[in-house]
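What follows draws every value from the coordinates through simple rules; no lab data is involved. Source: prediction; values computed, not measured. As a convention, Cβ positions derive from the backbone with ideal geometry for all residues, glycine included, and neighbour counts pool all protein chains shown.
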Amino acid sequence: STSTIYNLTDEQKFELENKSKDGDSEASFRLYQYYCFTINNIDEQLRYLEISASQGNIIAQYNYGIYLSNTNPDFSKYYDLNKAIYWMGLASKNGDIGAQNKLQELKKLKN
């Protein structure tokens, strides 16, 4: 199952947390996946997604932009269209093809 695939031992989690603190975007992204698919903790999931995005992970930048523009009640407290546009713009600038179209959609929502 998906939750099993992304599960971490305490030791693995500790190691990834240290790598994340040292600026490893892949470690931060892996922790995001853990909290998303195994633990289902939205606060921690988005915390590590933002960290990974700020460390330059393009997929994280795109995904974070998606979450910040999500109107689903589970994510409504995180809704921030301006931040979503910022992260989607960064993902687009960094070469994510899908981010360009999504960026235009988000900008239309502002008008």
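For the stretch 52-105, a residue qualifies if it is touching a residue at least 12 places away in the same chain (Cβ under 8 Å), outside any helix (DSSP H, G or I) and farther than 27 Å from Lys21 by Cβ, and the qualifying residues are Ser69, Asp74. Listed by first and then second residue, the pairs linking a residue in the stretch 4-29 that is closer than 21 Å to Tyr62 by Cβ to a residue that is loosely packed, with under 14 Cβ neighbours inside 10 Å, with Cβ atoms under 7 Å apart and 6 or more places separating them unless they lie on different chains, are Ser25/Gly56. Kindly check whether there is at least one residue in the stretch 36-44 that is among the aromatic types (Phe, Trp, Tyr), out of contact with any Cys (no Cβ under 8 Å at 6 or more places or on another chain), under 24 Å from Asn111 (Cβ atoms) and surrounded by 13 or more Cβ atoms within 10 Å (Cβ to Cβ). Scanning the stretch 36-44 turns up no residue that is among the aromatic types (Phe, Trp, Tyr), out of contact with any Cys (no Cβ under 8 Å at 6 or more places or on another chain), under 24 Å from Asn111 (Cβ atoms) and surrounded by 13 or more Cβ atoms within 10 Å (Cβ to Cβ).
Inspection of the stretch 21-31 finds a residue satisfying the criterion of being buried (at least 16 other Cβ atoms within 10 Å of the Cβ), of a type outside the set (Gly, Ala, Ser) and more than 11 Å from the chain's Cα centre (by Cα).
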